[in-house]
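Data first, discussion second: the structure below is written as structure tokens.
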């Protein structure tokens, strides 16, 4: 069973073809600049064959049509017939409170997704448009929606509620949702396997990249996470401010003569690492930090401090801690960032192996704590596409499709 996994952005479409039986990736591709001039596709098969094409694409329907062309290319395609694709799995940003797990796409599911689109205005329209394109161009292939937020729906009310008027929560769905759920779900599951499938394991997963979030997970279920109504809340990120006094929005609007939406845009796109030191890529900031650049040091020290503060809070929320997991672009690849974050966590029972951290292979599974550590520290590469493929296979198999 071959599964096509798609991840639609507002102007992009990433995809992979995964063998549902062996879980091997057969190929991957990227379509960018959808809706702009200069759009095109880059595709690579696992055996090294590549497909490249420049073509202006007006919308996601045209993009998916080009995707099919690339998949079926006689010389450099990934499959020989679209009938080989038994399911199409979609990464969908927002489940709101409607879907606690992945679902087969039906007209009713699409209607609910459109209802929830305002909760994820940047991503949901593209997610929905891509699903509709797939339904139009491959009408006999089941589509599965895998939501980025649904893993966090196990949070208790005291964790996800904001202290606002209760009727506003009910009327506007204003609450903490959390994101990166597919990644947190995958790496926590891998951590549970690595720790021997013990019951009631208490894990903090650290998905660190251009967008970053932590999740507190007990017995495989999320009880809290750092992102909120939107991905803006929580940690310092590449261009996002993370936690900030809500009154700062009004203050900045007045001082900079901006609208509220313009301030939110500013906090999402011009702050974080970029705002603090002029760079958004952690690799650049690490080099500047080592050279003694004051702004780079502030940026990374603030990043590490806030992560440590949340880990400490989640230690209390979980009633102790068995494991910390690093994943994501920074979590998997930046030894320096991991070192900054781990420094000082001895008080929680973490005996971090700093020398081992320095030689850990980037993007490879590793145990980074000493055998004496009561809290294990693991590096686990994330694989959101595999989660989507697994869910898609399970759902179509259970339904006999």
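The values are calculated or read from the model by the stated rules, or taken from the named source; none is laboratory data. The structure presented is a predicted model; accordingly, all values stated were derived computationally and were not measured. Cβ sites come from the backbone with ideal geometry, for glycine too, and all protein chains shown count toward neighbours.
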Query raised in the report: Looking at the range 294-401, what helices (runs of 4 or more DSSP H) fall wholly within it and have at least 1 residues that are over 18 Å from the mean Cα position of the chain (by Cα)?
Result: 294-318, 335-342, 354-359, 384-398
Query - Matching residues, the range 192-222, being more than 23 Å from residue 95 (Cα to Cα) and either over 21 Å from the mean Cα position of the chain (by Cα) or surrounded by fewer than 23 Cβ atoms within 10 Å (Cβ to Cβ) (or both) - result: 192, 193, 194, 195, 196, 197, 198, 199, 200, 201, 202
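Quick test for you: out of 398, 361, 346, 332, pick the one residue that is surrounded by fewer than 22 Cβ atoms within 10 Å (Cβ to Cβ), out of contact with any helix residue (DSSP H, G or I) (no Cβ under 8 Å at 6 or more places or on another chain) and within 29 Å of residue 4 (Cα to Cα).
Numbers: 361 fails: within 29 Å of residue 4 (Cα to Cα); 346 fails: within 29 Å of residue 4 (Cα to Cα); 332 fails: surrounded by fewer than 22 Cβ atoms within 10 Å (Cβ to Cβ).
Criteria check complete, one pass: 398.
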Report task. Give the number of residues within the range 143-159 that are outside any loop (DSSP other than H, G, I, E, B) and in contact (Cβ under 8 Å) with a residue 40 or more places away in the chain. Result -> 11
Query raised in the report: Quick one: which of 75, 136 is touching a residue at least 60 places away in the same chain (Cβ under 8 Å) and farther than 19 Å from residue 11 by Cα?
Result: 136
Query - Those residues of the range 1-43 which are modelled with pLDDT under 95, within 20 Å of residue 143 (Cα to Cα) and assigned to a loop (DSSP other than H, G, I, E, B), in sequence order - result: 1, 9, 10, 12
Query raised in the report: Taking the range 27-44, which residues are crowded, with 19+ Cβ neighbours inside 10 Å and either under 25 Å from residue 387 (Cβ atoms) or in contact with a helix residue (DSSP H, G or I) (Cβ under 7 Å, 6 or more places away or on another chain) (or both)?
Result: 27, 29, 31, 34, 41, 43
Query raised in the report: Taking residue 274, is it surrounded by 17 or more Cβ atoms within 10 Å (Cβ to Cβ) and under 24 Å from residue 382 (Cα atoms)?
Result: no
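Answer with yes or no whether residue 66 is over 23 Å from residue 1 (Cβ atoms), surrounded by 14 or more Cβ atoms within 10 Å (Cβ to Cβ) and touching a strand residue (DSSP E or B) at 6+ places or on another chain (Cβ under 6 Å). Before you say what the answer is, go through the steps one by one.
On the way: over 23 Å from residue 1 (Cβ atoms): yes; surrounded by 14 or more Cβ atoms within 10 Å (Cβ to Cβ): yes; touching a strand residue (DSSP E or B) at 6+ places or on another chain (Cβ under 6 Å): yes.
In short, yes.
Somewhere in the range 132-142, is a residue outside any helix (DSSP H, G or I) and touching a strand residue (DSSP E or B) at 6+ places or on another chain (Cβ under 6 Å)? Quick ask: steps written out before the conclusion?
Here is the first cut: in the range 132-142, the residues outside any helix (DSSP H, G or I) are 138-142.
Still in the running and touching a strand residue (DSSP E or B) at 6+ places or on another chain (Cβ under 6 Å): 141-142.
Yes, there is a match, as at least one residue in the range 132-142 is outside any helix (DSSP H, G or I) and touching a strand residue (DSSP E or B) at 6+ places or on another chain (Cβ under 6 Å).
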Query - Test for residue 355: is it free of Cβ contacts under 8 Å to residues at least 12 places away in the same chain and either more than 30 Å from residue 143 (Cβ to Cβ) or surrounded by fewer than 19 Cβ atoms within 10 Å (Cβ to Cβ) (or both) - result: yes
Query raised in the report: Is one or more of the residues making up the range 277-290 crowded, with 21+ Cβ neighbours inside 10 Å, over 18 Å from the mean Cα position of the chain (by Cα) and touching a residue at least 40 places away in the same chain (Cβ under 8 Å)?
Result: yes
Query raised in the report: over 29 Å from residue 117 (Cβ atoms), surrounded by 16 or more Cβ atoms within 10 Å (Cβ to Cβ), touching a residue at least 12 places away in the same chain (Cβ under 8 Å) and in contact with a helix residue (DSSP H, G or I) (Cβ under 7 Å, 6 or more places away or on another chain), is that true of residue 20?
Result: yes
